[in-house]
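S.K.: Can you keep this structure in mind? I'll have questions shortly.
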Amino acid sequence: MTVRYSLRARHEEIELLEYIVQRFGLKKAEEIYISIEKTLDRISKTPEMYRISKRREGLRKCPFSKQTSIYYRIRQDHIEVVSFRPNRKDPRKFKA
């Protein structure tokens, strides 16, 4: 399946990578970007590998790192990446 980003997810990914560049450097940001792409490639091949969210119907949560989770939906012909969320953020404030 192909992977598509919501505008929100694209914006959050850019913010995440910019933060990593500022804090840890360009090389680390490149490593994280490659890791995100590999994770999304695995999800595209086996979309049901991560658990369904208990709070939002139809969303799945991929614990990408200790700090960040990737939320996505399985559509008929593609995977929709909905959000890159910090794991410490209050889940009640999450709007999908």
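S.K.: At 222 nm, what helix-only mean residue ellipticity would the chain give, in deg cm²/dmol to the nearest 500, using -39500 (n - 2.57) for each DSSP H run of four or more?
M.R.: Mean residue ellipticity at 222 nm (helix-derived): -13500 deg cm²/dmol.
S.K.: What whole-number value in Å² describes the accessible area per residue of the chain for a 1.4 Å probe?
M.R.: For the chain, the per-residue accessible area is 71 Å².
S.K.: Take the alpha-carbon centre of the range 1-40, take the same for the range 43-66, and report the distance between them in whole Å.
M.R.: 17
S.K.: Can you give the relative contact order of the chain as a percent, counting alpha carbon pairs under 8 Å and 6+ residues apart? Could you put the intermediate results ahead of the total?
M.R.: On the way: 122 pairs, mean separation 30.4, N = 96.
Relative contact order of the chain: 32 percent.
S.K.: How many lysine pairs are close in the range 7-85, with Cα atoms under 24 Å apart and the two 8 or more places apart or on different chains?
M.R.: 11
S.K.: Of all beta bridges DSSP finds with both residues in the chain, what is the antiparallel percent, to the nearest 5?
M.R.: 75
S.K.: Calculate what fraction, in whole %, of the accessible area of the chain sits on carbon and sulfur atoms when a 1.4 Å probe is rolled over the protein chains. It would help to have the intermediate numbers written out before the result.
M.R.: Numbers: 3400 of 6840 Å².
Ligands and nucleic acids excluded, carbon and sulfur reach 50 percent.
S.K.: Name the residue from Thr68, Ala29, Leu17 whose Cα lies farthest towards the positive end of the charge dipole of the chain, charges +1 on Cβ of Lys and Arg and -1 on Cβ of Asp and Glu.
M.R.: Result: Thr68, furthest along the dipole toward the positive end.
S.K.: Let me ask something else about it. So what are the three principal axis dimensions of the range 1-51 from its Cα atoms, in whole Å, longest to shortest?
M.R.: 34, 21, 19
S.K.: For the chain, state the semi-axes of the equivalent ellipsoid (square roots of 5 times the eigenvalues of the alpha-carbon gyration tensor), sorted largest first and rounded to whole angstrom.
M.R.: In descending order, the three semi-axes are 22, 16, 11 Å.
S.K.: What do you get for the angle between helix 26-45 and the principal long axis of the chain? Use alpha-carbon atoms, 0 to 90 degrees, nearest ten.
M.R.: With rounding to tens, the tilt is 10 degrees.
The values are calculated or read from the model by the stated rules, or taken from the named source; none is laboratory data. What you see is a predicted model; the values in this text were computed from it and never measured. We place every Cβ from the backbone using ideal geometry, glycine too, and count neighbours over all the protein chains shown. When the accessible area is computed, the model is the full protein with side chains, heavy atoms only, and any ligands, DNA or RNA have been set aside. Shrake-Rupley method; radii C 1.70, N 1.55, O 1.52, S 1.80 Å.
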